[in-house]
Amino acid sequence: MHSSTPPEADAQLSDELAAVVAGARRRAVRDGDQQIDTAHLLHSLLEADPDVRGAFPEGAQVARLLGYLVQRSIGYGLRWQGSVEDSGAVPLVRSAPGWSPVAAAAMEAGVERAAARGEERARGVDVLAALAADTECRAVEVLGRAGVDVAGLRRRLG
């Protein structure tokens, strides 16, 4: 994201993905975080989007993922509160207010992925693919801890 406007304002998002963004924002505020990060996006995607849940071949993986993410939101396990997410895998962009640079880049990459398919609106699986592509982001750390084969996920989302 090269502007300071929120990714959801610049992007053409499906209604479902717009709801995911709103959920991620609420989660960040509730968690006391200054920015939406990739783990907030992953959590909201898993809760709200059946196509995202369908990208995981084992239903148990979704349950494990949600378990890790819920633990984080109540203060156990994975803790990143108060720190800015910067995976180093993407060039650092000037983040939109309320977004980590990595989460903003994932939203932008999701929109670009949809456009490359000839679609006007990005969907949740587009953002999931962008998250999985950044091997150093918080969402991928959660995926790995839950036993997800992230390389396999990237291939499936291709």
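Check each of the trypsin sites (Lys or Arg not before Pro) in the range 107-158 and keep only those in coil by DSSP with at most 16 other C-beta atoms within 10 angstrom; list them in order. Let's see the in-between values first.
Details: sites: Arg113, Arg117, Arg121, Arg123, Arg138, Arg145, Arg154, Arg155, Arg156; in loops: Arg117, Arg121, Arg123.
Those that pass, being in a loop and sparsely packed, are Arg117, Arg121.
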Mind listing the long-range amide H neighbours of Trp99? Cut-off is under 5 Å, sequence gap 5 or more, other chains count too, H placed in the peptide plane at 1.01 Å from N. Ile36
From largest accessible area down, sort Glu108, Glu136; use a 1.4 Å probe on the protein chains. Glu136, Glu108
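The values are calculated or read from the model by the stated rules, or taken from the named source; none is laboratory data. Since this is a predicted model, take the numbers as computed values, not measurements. Reconstructed Cβ throughout: ideal geometry from the backbone, glycine too, with neighbour counts over all protein chains shown. We work out accessible area using only protein heavy atoms, side chains counted, and drop any ligands, DNA or RNA first. Shrake-Rupley method; radii C 1.70, N 1.55, O 1.52, S 1.80 Å.
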